[in-house]
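Accompanying notes for the structure given below.
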Amino acid sequence: MPRLSARVIDERIEVRRIRQNLLYKDEPTTLDAVIDEAVLHRIVGGPAVMRRQIDRVIEACSLPNVTVRVIPFSAGAHPALDSTFIILEQRPPVASVVHVEGLVGQIYLERPQDVQRYMQVFDRLSSLALDSAESKDLMLRISAKYEEV
């Protein structure tokens with residue numbers, strides 16, 4: 001596996017930091033996220049890092065413009081098991097765009113039929129996910145397990 005250079009890692013961190021800051025502006029961006037329970041269990045960076053990351057997501061959920069829901073393992077297979085995507089909905093006249101991240105890099109889809117397809121998948125994922133309160137409870141339980149490690 002090729003390793004990312006320090007410059008690329010720093011750029012990716014900065015992009016994520018900028019995106020997160022959009023949630024705290026005077027007119028904040030709305031974030032409606034659905035995540036797979038697996039991401040809460042797959043240890044990246046060690047237990048302490050996992051706990052801080054999960055706690056950061058829980059903290060963000062207290063914002064009125066942020067909703068994070070978890071698809072539990074019990075939901076089984078879902079249509080985005082092999083895909084990570086973000087739907088960027090814009091105010092008209094700007095069209096919505098889908099940002100897909102994968103092994104080949106980042107792809108932006110702008111065709112209305114592509115955006116519509118991803119919106120349908122997001123709706124399906126949403127129907128499989130726990131509600132906000134249940135998702136927060138699950139994240140709290142998983143975060144607490146990282147303290148024990």
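Throughout, read-outs are computed from the coordinates displayed, never taken from laboratory work. Worth saying up front: this structure is predicted, and the values here are computed from it rather than measured. FYI the Cβ positions are ideal-geometry reconstructions off the backbone, even for glycines, and counts take in every protein chain you see.
To the nearest 20 debye, what charge dipole does the chain have about its Cα centre, counting +1 at the Cβ of each Lys and Arg and -1 at the Cβ of each Asp and Glu?
Computed charge dipole of the chain: roughly 340 debye.
Out of the range 16-103, which trypsin sites (Lys or Arg not before Pro) are coil in DSSP terms and have no more than 12 other C-beta atoms within 10 Å? Passing sites in the range 16-103 are K25, R42. In the chain, the DSSP-assigned H stretches of four residues or longer account for a calculated mean residue ellipticity at 222 nm of -14500 deg cm²/dmol, using -39500 (n - 2.57) per stretch and the full residue count as denominator. Using C-alpha pairs below 8 Å separated by at least 6 residues, the relative contact order for the range 19-145 is 28 percent. Seen from L81, the other residues with C-beta closer than 13 Å to its C-beta sum to a net charge of -2, counting Lys and Arg as +1 and Asp and Glu as -1. Compared with the alpha-carbon gap, the fully stretched path from S62 to R91 is longer by 8.0 nm at 0.36 nm per residue.
Rounded, prolate or oblate: which fits the range 73-128, taking a ≥ b ≥ c as square roots of the Cα gyration tensor eigenvalues, rounded meaning a/c under 1.5, else prolate when a/b beats b/c? Here the range 73-128 falls in the oblate category. How would the chain be classified by its alpha-carbon gyration tensor: rounded, prolate or oblate, with rounded meaning a/c under 1.5 and the a/b versus b/c comparison settling the rest? Verdict is rounded for the chain. Look at the alpha carbon pairs under 8 Å that are at least 6 residues apart: their mean separation over the length of the range 73-128 gives a relative contact order of 30 percent. Across the options F85, V97, P47, the greatest Cα extent toward the positive end of the charge dipole of the chain (unit charges at beta carbon of Lys, Arg, Asp, Glu) belongs to P47.
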